[in-house]
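Participant: Pasting a structure below so you can have a look.
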Amino acid sequence: MMNRPLVCSLAVVSALALAGCGALPGGETAHRTVNVWLMRDSASDDFVQRFTEAFEAEHKGVELKVTIQEWTGIGKKVTEAIQGPGGPDVIEVGNTQVAQYADTDKLYNLTLESVRDLGGQDWLPGLAEPGSINGAQYGIPWYAANRIVIYNKDVFAEAGVKPPKTRDEWLAGTERLEAAGSQGIYLAGQDWYTLSGFIWDEGGDLAVEKGGAWTGALDSPAAQRGMAFYKELQSLGDGPKNADEQNPPQAEVFAKGGVGQIIAPPSAIPAIVKANPDLKDKLGFFPIPGEKAGTPCAVFTGGSDLIIPENAPQRAAAIDVVTALAGEKWQGELARAMNYVPNKTSLAPLVAGQKATATMAVGAARGRATPNSPQWADVEADNPIKPYMSAVLGGADPKTEAQKANERITGSLAE
């Protein structure tokens, strides 16, 4: 492990520690301002206010200054901040963004804290793995969200279909929904996050690393099986083959009625109910089924990690902020306030009373993230996976189209 500068925890109360952490002669504590960047809509104003007040009450002499940042353009802003002269102290970043910031060598190594204080062995893999670079933990998992199946209870009941436990049951039930006159499922042709889960469930991946070089892997037998299942499922509805789930917004399509189910995060529920209030009590939820009962399908885990720049002016206090936000008390508060999955599998009971969120937590235990390359953002910007999917759904040869997409993925990851 790397040699690391000693830091002072604000929780340490010995006179020596107080002196080292900025206590003034006579028992007075130096005033310190900890600058925290959080992203728009990640936490409610009420949560931020309550956390700030509680933290400041427990850490005398510390003031939290929380600044809400916009997602648009945040990559450039964070990169400039961590390479500058100093500050902010804590930054929320998307879980799949950690690698690109760690690649600058400007993030503080939090491996010690993750093992000693934060119970990192229990973190959700879809949050923990993207934050770990070459064995060092730079991103601390904060919250997670992933896709579930949202279904219309009335449509299922009319067709005599029950929530499935396995992939085979899911296909059979969806076929019955389709035969009964509804769209069995509305699944857009370019929903590549959902495809990723099917690929991972088969044991494949979008790209693989060997000898420090990344290459596209969509032509592997496992990835091809995942695409074949996607094609079979997508055919049981009228989703467009050449558009993603936002074009048109699938929540609005589902809200019109006549659709049995969609694959979406629970954040789609308010949009569904807003478009059709009559569906409020008619929505049901189940994890995306896997091949075997009791083992849900792998899913893409979105969410955020917390990072501390090497140049953080108040590093010790920043560590305390991250420790608090990632700890059980505030994980529970955030999960209940925002319908998120907490950062640990052991904390799933905290959302047991929230049906959609609890369903999401079941899938999150098998969550994954996109390939952990600093250049993965370049792949998404060009995103050859989407036209690959459309081509296959349109009848093109899957292997040939996968190899074409692989070339573009490999090229982007090599830049």
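Participant: In terms of the Cα gyration tensor, with a ≥ b ≥ c the square roots of its eigenvalues, is the stretch 246-313 rounded because a/c is under 1.5, prolate because a/b exceeds b/c, or oblate?
Facilitator: Here the stretch 246-313 falls in the oblate category.
Participant: For the chain, report the accessible area per residue in Å² (1.4 Å probe, heavy atoms, rounded to an integer).
Facilitator: Details: 18000 Å² over 415 residues.
Averaged over the residues of the chain, the accessible area is 43 Å².
Participant: Charges only on Cβ, +1 for Lys and Arg, -1 for Asp and Glu: so what's the dipole of the stretch 321-415 about the Cα centre, in debye to the nearest 20?
Facilitator: The dipole magnitude comes to about 480 debye.
Participant: I've got another one for you. Return a whole-number percent for the relative contact order of the chain, with Cα pairs under 8 Å and 6 or more residues apart as the contact set.
Facilitator: In percent, rounded to a whole number, it is 25.
Participant: Determine, from the Cβ-Cβ distance of Asp154 and Glu56 and an R0 of 41 Å, the FRET efficiency 1/(1 + (r/R0)^6), rounded to the nearest 0.05.
Facilitator: 0.25
Participant: Also, I was wondering about something else. Express the carbon and sulfur contribution to the solvent-accessible surface of the stretch 269-405 as a percent, rounded to the nearest whole number, probe 1.4 angstrom.
Facilitator: Here it works out to 51 percent.
Participant: If the stretch 266-415 were replaced by its equivalent ellipsoid, with semi-axes equal to the square roots of 5 times the Cα gyration tensor eigenvalues, what would those be, largest first, whole Å?
Facilitator: Semi-axes, largest first: 32, 27, 15 Å.
Participant: Starting from 0.36 nm per residue, how many nanometres of slack lie between Thr111 and Ala243 once their C-alpha separation is accounted for?
Facilitator: Value of the extension gain: 43.4 nm.
Participant: Report the charge-dipole magnitude of the chain in Debye, nearest 20, computed about the Cα centre from +1 at each Lys and Arg Cβ and -1 at each Asp and Glu Cβ.
Facilitator: Details: 36 positive and 50 negative charges, 108 e Å.
That gives a dipole near 520 debye.
Participant: Further, regarding this structure: Computing the accessible area with a 1.4 Å probe over protein heavy atoms, can you report the carbon and sulfur percentage for the stretch 69-180?
Facilitator: 47 percent
Participant: Can you tell me which lysines have their Cα less than 20 Å from the Cα of Lys355? Leave out same-chain residues fewer than eight positions away.
Facilitator: Cross-link targets: Lys153, Lys162, Lys165, Lys274, Lys280, Lys282, Lys344.
Participant: In nm, what is the difference between 0.36 nm times the number of residues separating Lys274 and Ala337 and their Cα-Cα distance?
Facilitator: Full extension from Lys274 to Ala337 adds 20.7 nm.
Participant: Take the stretch 111-174, drop everything but the C-alpha atoms, weight them equally and run the Debye formula without solvent; then report log10 I(q)/I(0) at 0.21, 0.24, 0.27 Å⁻¹ to two decimals.
Facilitator: At q = 0.21, 0.24, 0.27 Å⁻¹ the computed log10 ratios are -0.80, -0.96, -1.14.
Participant: Shifting gears a bit: In deg cm²/dmol and to the nearest 500, what is the mean residue ellipticity at 222 nm of the chain if only DSSP H runs of at least 4 residues count, each as -39500 (n - 2.57), divided by the residue total?
Facilitator: -12000 deg cm²/dmol
The values are calculated or read from the model by the stated rules, or taken from the named source; none is laboratory data. This one's a predicted model, so the numbers in the text were calculated from it and none came from an experiment. Note: ideal-geometry Cβ built from the backbone for every residue, glycine included; neighbour counts use all protein chains shown. Just the protein is used for accessible areas: all its heavy atoms, side chains included, with ligands, DNA and RNA removed. Shrake-Rupley method; radii C 1.70, N 1.55, O 1.52, S 1.80 Å.
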